[in-house]
Amino acid sequence: MRVAFLIERLDPARGGMERSAYDFLIELTALGVETHVVTQSAVDAPTAVQVHELGQEGWTDELQYRHFVIRAQRFVAERPWDVVHAIRPCLSCDLYQPRGGLVKTGQIRTIAARTTFLSKALRRVGLFFDGKERLLVQLEQQLLTGPKAPMVVVPSHYVGCQVEQEYGSARVATKRIFNAVQISPPLGVNRATVRRRRRAEWNIPLDRPVAIFVGHNFRRKGLARAIEVLADRRCVDWYLLVVGRDAPTPYERRAERLGVASRVRMLGEQSDVAELYWAADACVLPTYNDPCSRTVLEALSLGVPCITTVFDGSSECITPGEQGFVLPRPEAGDLLAEALRTLRDESVRRRMSREAEGLAAMLSMRRHAAEVAQVYGEIAARRSVAQGLCLV
């Protein structure tokens, strides 16, 4: 099986889609798939993967992406492939896997994350004048409405509904392969040891409950909502760890205004996130849009109960009251406070932790890669049959 994997950039340190792609490629090559990454640039790649860097051309993000998809199209057209797999909009492919969700839906939810009429209006204007965002929407629409629309593999029902609402189930063939992560418990230590050591570093009492928020886009991921809930009388003993690369100052000021700054720890970007999950009692992600959050899947895999929203595809693996809670909207502060009140009970946390950890195998990247490879086989078989008919 020979596969071309199209991705704009491959840098696992950036997290999110690129981290997921890197982990996926490791498991895919382990299955014996000959994998070629076609990209603008690759900072790091699995050793078994062949990387074809096409370079960057153009002064703007829009021009750089436009040149990339043109070059990528030319590159794959000149070589034989069993499957061309793309995770961002392109000119053509056999399998389209929008790991970031549909572009248009993402833009709509980005606007929803703004809290005032003026800020929403400004974001609409910004998107209108953002040439790359317009190009991504245009390419995705052309790809999925063209005469040779690819198979669309979605990471969750949440994204599947986006595709159906935008394009109709009769027009676009979709298959749900639930998202996955590759994360292992910290080596050589137990959770109690990690908990004591880490909390001592942050000056947090051992008997206080701690929530963790992990994300690189604080606004979209709902950090403001996670900070606000600390001021609720039901959450006055909760601490919050904030992990991610984004500007912390506005959120530090918000915490100060609410009188909860002493219970918020801004940790910035961290490489040892598994230990941070273990040091926490719950993961909180009141997100406005997440196709299938890596944060939630990682936390669950490590036995940390999670609270997220219906706008997060990862919520589909949470049974409320068992592995965590699902909010109907990011602004549901009362429900978030009640969920945290419930999780103050250590016996409840222990029970939910066991339930969450039980999902680890289902959330593994090995399972995900195997299911995608099976789709590769189906696509290659159909192509072989079609070529055979053409020769008759």
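The values are calculated or read from the model by the stated rules, or taken from the named source; none is laboratory data. Just so you know, these numbers come straight off a predicted model, no measurement behind them. Note that we place each Cβ from the backbone using ideal geometry, even for glycine, and neighbour counts take in every protein chain shown.
A quick yes/no check of all residues on (1) under 30 Å from Ala370 (Cα atoms); (2) without any contact (Cβ under 8 Å) to a residue 40 or more places away in the chain:
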residue: Ala173; (1), (2): yes, yes
residue: Gln182; (1), (2): yes, no
residue: Ala200; (1), (2): no, yes
residue: Leu206; (1), (2): no, yes
residue: Ile212; (1), (2): no, no
residue: Val229; (1), (2): no, no
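In region 175-191, the count of residues that are more than 25 Å from Ile87 (Cα to Cα), of a type in the set (Val, Ile, Thr), buried (at least 18 other Cβ atoms within 10 Å of the Cβ) and at pLDDT 90 or above is zero.
Of the residues Gly106, Gly32, Gly100, which is within 30 Å of Pro286 (Cβ to Cβ) and either out of contact with any helix residue (DSSP H, G or I) (no Cβ under 8 Å at 6 or more places or on another chain) or acidic (Asp, Glu) (or both)? Even if it seems obvious, please write down each step before you answer.
Details: Gly32 fails: within 30 Å of Pro286 (Cβ to Cβ); Gly100 fails: either out of contact with any helix residue (DSSP H, G or I) (no Cβ under 8 Å at 6 or more places or on another chain) or acidic (Asp, Glu) (or both).
None of the other options fit; the residue is Gly106.
In the set Thr110, Thr47, Thr39, Thr105, only one residue is modelled with pLDDT under 95, crowded, with 21+ Cβ neighbours inside 10 Å and among the polar types (S, T, N, Q); that residue is Thr105.
Collect the residues in region 310-324 that are among the β-branched types (Val, Ile, Thr) and more than 14 Å from Val159 (Cβ to Cβ), keeping them in residue-number order. Break it down stepwise before answering.
Here is the first cut: in region 310-324, the ones among the β-branched types (Val, Ile, Thr) are 310, 318-319.
Hits for region 310-324 are Ile318, Thr319.
Selection of region 238-297 for residues being more than 20 Å from Met17 (Cα to Cα), among the acidic types (Asp, Glu) and in contact with an Asp or Glu (Cβ under 9 Å, 6 or more places away or on another chain) yields only Asp281. Of all residues in region 136-174, those satisfying the criterion of being of a type in the set (Val, Ile, Thr), at pLDDT 90 or above and in contact with a strand residue (DSSP E or B) (Cβ under 9 Å, 6 or more places away or on another chain) are Val152, Val153, Val154, Val159, Val163, Thr174.
For region 219-248, the set of residues classified as under 24 Å from the mean Cα position of the chain (by Cα) and surrounded by fewer than 16 Cβ atoms within 10 Å (Cβ to Cβ) consists of Arg245, Ala247, listed by residue number. Is there a residue being closer than 20 Å to Asp61 by Cα, without any contact (Cβ under 8 Å) to a residue 40 or more places away in the chain and assigned to a loop (DSSP other than H, G, I, E, B) anywhere in region 94-106? No, region 94-106 contains no residue that is closer than 20 Å to Asp61 by Cα, without any contact (Cβ under 8 Å) to a residue 40 or more places away in the chain and assigned to a loop (DSSP other than H, G, I, E, B). Of all residues in region 255-265, which are in a helix (DSSP H, G or I) and either outside the structural domain of Arg233 (by TED's automatic domain parsing) or of a type outside the set (Ser, Thr, Tyr) (or both)? Correct list: Ala255, Glu256, Arg257, Leu258, Ala261, Arg263. Residues considered: Val51, Val84. Of these, the only one that is assigned by TED's automatic domain parsing to the domain that holds Glu27, within 20 Å of Gln142 (Cβ to Cβ), assigned to a strand (DSSP E or B) and within 27 Å of the chain's Cα centre (by Cα) is Val84.
In this structure, Gln162 does satisfy being surrounded by 13 or more Cβ atoms within 10 Å (Cβ to Cβ), outside any strand (DSSP E or B) and not assigned by TED's automatic domain parsing to the domain that holds Leu340.
So that you can scan it fast, the table gives a plain yes or no per residue for (1) free of Cβ contacts under 8 Å to residues at least 60 places away in the same chain; (2) not polar (S, T, N, Q):
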| residue | (1), (2) |
| --- | --- |
| Pro12 | yes, yes |
| Arg19 | no, yes |
| Leu25 | yes, yes |
| Leu28 | no, yes |
| His36 | yes, yes |
| Gln40 | yes, no |
| Val49 | yes, yes |
| Gly55 | yes, yes |
